[in-house]
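The values are calculated or read from the model by the stated rules, or taken from the named source; none is laboratory data. Just so it is clear, the model here is predicted, and its values are computed rather than measured. Don't worry about glycine lacking a Cβ; one is built from the backbone with ideal geometry, like all the others, and counts go over all protein chains shown.
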Amino acid sequence: MIEKFINDLLSQLGAGSKEVVFLSVTPGVGLELIQVDPVIKSVKTYGHKPLEYSDSMREISNYDNFKTALEELFQELNINPKCNIVLNLPTVHFGKVELPLLLNDESITEAVISEIEQTYIFKRCEPVVSWFEGRSNPASDTRTIFYSAVQKNAVDKIKEILTEMGATLSGVEISLVSNLRALLFSGLTETQMQDGTSWNLMMVNSNGYSLISLSGKDVIDYYEEPLALKTYELDEIYDVINTSAQIALMNFPSNYLFVVSETDLVSAEHLISKMQFEGKVDFLENNSFRKREILSVSLNILPDQVLKISLESVGIAVSRICDYPVRLDFSGNKVSEAVTGVEESISLNFNDKEIVLTESVLRKISYVIAGVLIIPSLIAMLTLPIVQKKNKAQLDDINSQIAKLDAQIKELTELASESGNFVIKTEIENVLKYNRKKLITYSALGESVPIDLWLTYFATKDTGKIDIKGVSEDVEDIYIFFKNMKDSTIDTQLRLHKLEMISNSIDDAVMPNGPVMYDFEITNMADSELSSSDSDKKSDTKKSSDTKNTAKSAKKVNDLEPVDIEN
């Protein structure tokens, strides 16, 4: 989804987004097409077709066959021909030259071309050169330049074929560099490619062998020995290589030797068994003698294809993801607008896609970015006054409401001050507090009255004052009632104010089974409050004048006077 969105966006801007495909022209294998998953370091796409390569001319024998092989690979692997292609070619020529430090790049290129034109291949065809700088020698004011070249007509023919198919040639490298990069990426020379480690790489092909002296990843020296191996018998080949290599290695002292055979004429394993080398020797069969894969592969690659994957094809496939210090490019794409009349461009790699951005595309992108940043700012500037006006109206409304509330509060405050010590909040709290106490008292009263006890009077006030009067036949019931009320009504400080016996005569009081009634009063009022309260009750006057009737009537609940409850 994200990739499709990016592709659509770039398409709208006029930028190209194409799949990147890696090809390798590999003698002994043919034309290889490969793609590598950089995350899991595994070959995810691979296919190859036979393609004849001329070792003597060091060139593809038939370019029509190259086109046919490539078309078949695109079809079999379901790859859109409108893609960007990075190509690996066999090393045509590689060498070194010592040049003065003062020479600029243009002068170096001219000096390299002069050296290359001395070789037999480039006496008859124009070269495409590429070079990189090795170590310099300040004492002699010189530096080592390593250079390489391929036939310009070969590159032009390949470009023409790819253009007809709708593809673009994005880069051209040689097998020597691809092999070094593949050895690093696969981890086959992990020990040797540590910084400061001196080691030698020996590459054997049908035209002879070459020795590359390295310090870690950096190329220090190069030597090539041409040998017509096809003219020798099988057993003689190993003796010829061994004899020559023993002499050459004396000029390349190191602790490690890694041998790679790129021809079916020589087994690298058998060759190192014959070589006398004081140090660690390892090998890789980059030919039909191979017994193990160079890199892990996905399950969609057929087993018979796995051992066909060459070292140089892996090296070119990881050219965009493996950071190797040596890089040579023979595609001729680094040409300025002043020379070609076309825009300069840069290429970005994203998920096996190569995105080409020209100056006009970058200009459009800058316009889009500017629009994204500026347009919201303009919208904000235009809408801000409207939003501010609306918010100001809301703020004025809120301030008006606040002013009204402040006026009401001031009015209530003045009213409270005029009415003495009346405070609204305090009075509300008192009402809630004392009403709660009343409810608690009523509840406790209903739960605490024993069976043989009758209430004749009950009063409770807003201040929390309580006065309870009653009669009972048993003093113990009175004390039980008093205790229950105290436990049920917390912080009331109830006390048993009065406990008296009610009798018609002394005889009733002293007789064991005589009718005895007890009058009691439970309260938390002060004596002065009780006196004031008793003086207002007419029932007390009647009671004091008719003790006999009161005693008799107290024997039954229904005969008692109504309970007087004051609020």
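Candidates are the residues of the range 158-182 that are crowded, with 23+ Cβ neighbours inside 10 Å and of a type in the set (D, E, K, R); the one that is farthest from F66 (Cα to Cα) is R181.
Looking only at the range 473-485, decide whether some residue is under 19 Å from D527 (Cα atoms), in contact with a strand residue (DSSP E or B) (Cβ under 8 Å, 6 or more places away or on another chain) and at pLDDT 80 or above. I'd like the intermediate steps shown before the answer.
Step one: filter the range 473-485 for residues under 19 Å from D527 (Cα atoms), giving 482.
From what is left, the residues that are in contact with a strand residue (DSSP E or B) (Cβ under 8 Å, 6 or more places away or on another chain) are 482.
Checking which are at pLDDT 80 or above leaves us with 482.
Scanning the range 473-485, I find at least one residue that is under 19 Å from D527 (Cα atoms), in contact with a strand residue (DSSP E or B) (Cβ under 8 Å, 6 or more places away or on another chain) and at pLDDT 80 or above, so the answer is yes.
From the list E117, E98, E106, E52, the lone residue that is acidic (D, E) and either at pLDDT 95 or above or more than 27 Å from Y222 (Cα to Cα) (or both) is E52.
Can I247 be described as β-branched (V, I, T), more than 20 Å from V177 (Cα to Cα) and without any contact (Cβ under 8 Å) to a residue 12 or more places away in the chain? Before you say what the answer is, go through the steps one by one.
Values: β-branched (V, I, T): yes; more than 20 Å from V177 (Cα to Cα): yes; without any contact (Cβ under 8 Å) to a residue 12 or more places away in the chain: yes.
Taking the combined requirement at face value, the residue satisfies it.
Just one of the listed residues (N80, N7) is at pLDDT below 95, assigned to a loop (DSSP other than H, G, I, E, B) and either out of contact with any strand residue (DSSP E or B) (no Cβ under 9 Å at 6 or more places or on another chain) or more than 30 Å from C125 (Cβ to Cβ) (or both), namely N80.
Each row is one residue, and each column tells you yes or no for (1) at pLDDT below 65; (2) exposed (fewer than 14 other Cβ atoms within 10 Å of the Cβ).
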residue: L412; (1), (2): no, yes
residue: S419; (1), (2): yes, yes
residue: L439; (1), (2): no, yes
residue: G446; (1), (2): no, yes
residue: D452; (1), (2): no, yes
residue: I468; (1), (2): no, no
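Take the residues of the range 311-325 that are small (G, A, S) and farther than 20 Å from T263 by Cα: which is surrounded by the fewest Cβ atoms within 10 Å (Cβ to Cβ)?
Taking the range 311-325 and keeping what is small (G, A, S), we get 313, 315, 317, 319.
If we keep only those that are farther than 20 Å from T263 by Cα too, we end up with 317, 319.
Values: A317: 34, S319: 23.
For the range 311-325, the residue satisfying everything is S319.
Of all the residues in the range 187-206, those that are part of a loop (DSSP other than H, G, I, E, B) and closer than 26 Å to A228 by Cα number 1.
The set of residues from the range 22-62 being closer than 13 Å to V318 by Cα, touching a residue at least 60 places away in the same chain (Cβ under 8 Å), in contact with a helix residue (DSSP H, G or I) (Cβ under 8 Å, 6 or more places away or on another chain) and not in a loop (DSSP other than H, G, I, E, B) comprises F22, L23, S24, I34, Q35, V36, V43.
Among the residues of the range 64-114, what is the count of those that are closer than 16 Å to L169 by Cα and basic (K, R)?
Kept after step one, since they are closer than 16 Å to L169 by Cα, are these residues of the range 64-114: 66-67, 70-71, 74, 79-89.
Retained after the next criterion (residues that are basic (K, R)): 67, 82.
Number of matching residues: 2.
With respect to N65, is the statement that it is in contact with a helix residue (DSSP H, G or I) (Cβ under 8 Å, 6 or more places away or on another chain) and within 17 Å of L162 (Cα to Cα) true? Walk me through how you get there before you give the answer.
Details: in contact with a helix residue (DSSP H, G or I) (Cβ under 8 Å, 6 or more places away or on another chain): no; within 17 Å of L162 (Cα to Cα): yes.
When the stated conditions are applied, N65 does not pass them.
When the residues of the range 262-281 are narrowed to those that are in a loop (DSSP other than H, G, I, E, B) and of a type in the set (G, A, S), which ends up nearest to S215 (Cα to Cα)? Here the answer is G279.
Identify all residues within the range 182-197 that are farther than 13 Å from V281 by Cα and not acidic (D, E); write none if there are none. It would help to see each step written out before you state the result.
If we filter the range 182-197 for residues that are farther than 13 Å from V281 by Cα, which is where we start, we get 182-187, 190, 193-197.
Selection gives A182, L183, L184, F185, S186, G187, M193, Q194, G196, T197.
When restricted to residues that are part of a helix (DSSP H, G or I) and of a type in the set (S, T, Y), the range 437-489 contains 6.
Identify, from the list D195, D218, D304, the residue that is acidic (D, E) and closer than 28 Å to Q35 by Cβ. Exactly one residue qualifies, and that residue is D304. Considering the conditions (1) assigned to a strand (DSSP E or B); (2) without any contact (Cβ under 8 Å) to a residue 12 or more places away in the chain, L99 is excluded by exactly one of them, (2).
Scanning the range 125-152 for residues that are of a type in the set (D, E, K, R) and under 19 Å from P100 (Cα atoms) yields E133, R135, D141, R143.
Of the residues in the range 248-261, none is closer than 20 Å to S310 by Cβ, among the small types (G, A, S) and assigned to a loop (DSSP other than H, G, I, E, B). Screening V259 on (1) β-branched (V, I, T); (2) within 30 Å of I40 (Cβ to Cβ); (3) surrounded by fewer than 18 Cβ atoms within 10 Å (Cβ to Cβ) shows it passes everything except condition (3).
Take K82 and tell me if it is over 21 Å from E164 (Cβ atoms) and within 49 Å of the chain's Cα centre (by Cα).
On the way: over 21 Å from E164 (Cβ atoms): no; within 49 Å of the chain's Cα centre (by Cα): yes.
The answer is no for K82.
Given the structure, is G187 more than 18 Å from V86 (Cβ to Cβ) and under 34 Å from the mean Cα position of the chain (by Cα)? Answer is yes for this residue.
Candidates K230, K308: the one that is of a type in the set (K, R) and exposed (fewer than 14 other Cβ atoms within 10 Å of the Cβ) is K230. Restricting the first residue to the range 274-300 and requiring it to be closer than 18 Å to T189 by Cα and surrounded by 13 or more Cβ atoms within 10 Å (Cβ to Cβ), which pairs with a second residue that is at pLDDT 90 or above and among the acidic types (D, E) meet a Cβ separation below 9 Å and a spacing of at least six or different chains? That search, which allows pairs on different chains as well, returns F283/E269; E285/E269; N286/E262; N286/E312.
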